[in-house]
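Notes follow the structure.
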Amino acid sequence: MLDELERRLGELAVSSARVVLVRTGGTKVFCVGADISAFSQLSPADMWRRWISDGHRVFDRLARLRQPTIAVVDGLAVGGGLELALACDMRLAGRNAGFGLPEVGLGTNPGWGGTERLTQLVGASRAKQLILTRRQIDATTAEKWGLVNDVAADELDTEVERYVSDLLGSAPIAQQVAKQLVDAAAAGAPSAIVEGIASGFTSCTDDFAGGIRAFTNKSVPDFRGR
């Protein structure tokens, strides 16, 4: 599954796709992570050499994808499945969604970026609560903690469509650069420098000229990603 996800991410990176949705085909499970029977057969060297590094490489690639990404969580997202959702820019949850990192109950730890990304989202104390107690939280609690952006009041697809529509209404180059700026800020990059470079770049695009023209004329801009 990791290999297939990495292949798809490679295709998306060079595509004209504007928004990327990561979702399941059902409503009971988003992703429950590792196959424990396969996981338990790994040698310590294989765990170090492949299992952890493969997961980090693929999820990091998802996190760095230039397009906005949304994890659509309709069901359980636990273990590596929660780490998959955490690697997306945003998370939308159905009312039946559940979230957890149960690894310490197996005698191991989250290994695909969960400790870092969860802590960045909800803070150290909440991250410890979720990881150390192994208790799953529901969608309402996840939203309260800041783990998910929204919980669908009615149909999850309706909420997803609203987010996608909002994202498609922006200039694609400026939007993708803005995503990189936020990531750079989270890594401690000085905004006065990186925002200056980004603003200089985006102001040279056709979309910027079109956006200013539409604002002046009180019309809807026709962004082309150029």
Quick one: which residue in Pro110, Pro102 is open to solvent by 40 Å² or more (accessible area, probe 1.4 Å) and farther than 27 Å from Ser165 by Cα?
Pro102
Reported set for the stretch 139-191 where residues are touching a residue at least 60 places away in the same chain (Cβ under 8 Å) and at positive phi is none
Tell me whether the stretch 46-67 contains one or more residues that are touching a helix residue (DSSP H, G or I) at 6+ places or on another chain (Cβ under 7 Å), surrounded by 12 or more Cβ atoms within 10 Å (Cβ to Cβ) and either over 27 Å from Ile173 (Cβ atoms) or at pLDDT below 85 (or both).
yes
Of all residues in the stretch 161-181 being of a type outside the set (Phe, Trp, Tyr), within 24 Å of Ala93 (Cβ to Cβ) and open to solvent by less than 40 Å² (accessible area, probe 1.4 Å), which is nearest to the chain's Cα centre (by Cα)?
Lys179
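Does at least one position in the stretch 8-24 carry a residue that is surrounded by fewer than 16 Cβ atoms within 10 Å (Cβ to Cβ), under 21 Å from Pro102 (Cβ atoms), at pLDDT below 90 and not aromatic (Phe, Trp, Tyr)?
In the first step, residues of the stretch 8-24 are kept if they are surrounded by fewer than 16 Cβ atoms within 10 Å (Cβ to Cβ); the result is 8, 10-11, 13-17, 21.
Among the residues that remain, those that are also under 21 Å from Pro102 (Cβ atoms) are: none.
No, the conditions are met nowhere in the stretch 8-24.
If I filter the stretch 153-160 for residues that are open to solvent by 50 Å² or more (accessible area, probe 1.4 Å), modelled with pLDDT under 95 and within 25 Å of Leu5 (Cα to Cα), do I get at least one hit?
As a first pass, look at the stretch 153-160 and keep what is open to solvent by 50 Å² or more (accessible area, probe 1.4 Å): 153-155, 157-158.
Still in the list and also modelled with pLDDT under 95: 153-155, 157-158.
Subset that is within 25 Å of Leu5 (Cα to Cα): 157.
There is at least one residue in the stretch 153-160 that is open to solvent by 50 Å² or more (accessible area, probe 1.4 Å), modelled with pLDDT under 95 and within 25 Å of Leu5 (Cα to Cα).
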If Leu84 satisfies every condition in (1) surrounded by fewer than 21 Cβ atoms within 10 Å (Cβ to Cβ); (2) assigned to a helix (DSSP H, G or I) but one, which is the exception?
(1)
What number of residues in the stretch 130-152 are of a type outside the set (Phe, Trp, Tyr), surrounded by 15 or more Cβ atoms within 10 Å (Cβ to Cβ) and assigned to a helix (DSSP H, G or I)?
6
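The values are calculated or read from the model by the stated rules, or taken from the named source; none is laboratory data. From a predicted model like this one, the values you see are computed outputs, not experimental measurements. Note that each Cβ is placed from the backbone with ideal geometry, even for glycine, and that neighbours are counted across all protein chains shown. Accessible surface is based on the protein model in full, side chains and every heavy atom, while ligands, DNA and RNA are left aside. Shrake-Rupley method; radii C 1.70, N 1.55, O 1.52, S 1.80 Å.
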